[in-house]
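See below for the structure under consideration.
No lab work stands behind these numbers, since they all come straight from the coordinates. All values derive from a computational prediction rather than experimental measurement. Here the Cβ positions follow ideal geometry from the backbone for every residue, glycine too, while neighbour counts run over all protein chains shown.
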Amino acid sequence: MSRRATLADARPIAELQVQAWLRNYPDFVDPRHVADVDREARAAHWVESLSFGPDETFVLEVAGAVRAFATVGPLRESPAVADAAAAGAGELVALYVDPPAQGAGVGTALLAEAEQALRAAGRHQAVLRTLEGNGLARTFYERHGWSLLAGVLEPHEWGPHVVYRREL
Ligand SMILES: CC(C)(COP(=O)(O)OP(=O)(O)OC[C@H]1O[C@@H](n2cnc3c(N)ncnc32)[C@H](O)[C@@H]1OP(=O)(O)O)[C@@H](O)C(=O)NCCC(=O)NCCS
């Protein structure tokens, strides 16, 4: 069972995210992007997000250590998504599992809790974006009821994003 993240979680969340990028992303992202990540800037990003919202972040701990996190919030508007998403849709902004804990069901459990948090916030539909080349994550989301918005590719510094949607 996850809990709401607090400011004290900013650094562990940032470190987990960087570890996942280092482990998973060089398969489909130019490794230099990942190698150049500024850990202090990442931590600062999470301090800001946890302090000011509008997103909500949940962490899952094992033996007192953060092993996964999920962030949900309002939809990030863009022309393609505005056409496809229902009014008041939410967004699954991030879902990361610490590399040593991946493949053991943690992501599945936290995804269900993130979807429940979106429902509790009154959302009836949600959108997520992921890198086009992130095959493991895409298979994972497809197996959990998320549908690709066909033909939608959004530019991103690390490569194009595909967009998924699901009813909640
Ligand atoms: C994608 C992710 C959240 C899935 O969480 P998880 O805890 O590894 O997934 P689960 O154990 O609940 O489910 C495993 C299934 O997910 C898929 N999967 C995704 N990433 C995987 C990984 N790194 N290792 C093993 N399986 C993975 C497989 O299809 C697997 O299916 P299987 O059970 O038939 O083998 C996690 O792997 C992760 O954090 N990846 C790196 C960060 C990332 O890409 N996040 C998504 C960005 S939008």
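I need the calculated FRET efficiency for the pair GLU40 and HIS156, taking r as the beta carbon distance and R₀ as 25 Å, to the nearest 0.05. About 0.70, to the nearest 0.05. Taking 0.36 nm per residue of sequence separation and removing the Cα-Cα distance, the ALA120/GLN19 pair yields an extension gain of 33.3 nm.
Between GLN17, GLN116, GLN125, the residue with the greatest mean-square fluctuation in the GNM of the chain (Cα pairs under 10 Å linked by springs) is GLN116. The slack between ALA82 and THR6, meaning 0.36 nm per residue of separation minus the straight C-alpha distance, is 24.2 nm.
If you take the Cα centroid of the stretch 16-60 and the Cα centroid of the stretch 85-142, the two points sit 16 Å apart. Highest GNM mean-square fluctuation among TRP46, TRP21, TRP158, for the chain modelled with Cα contacts below 10 Å: TRP158.
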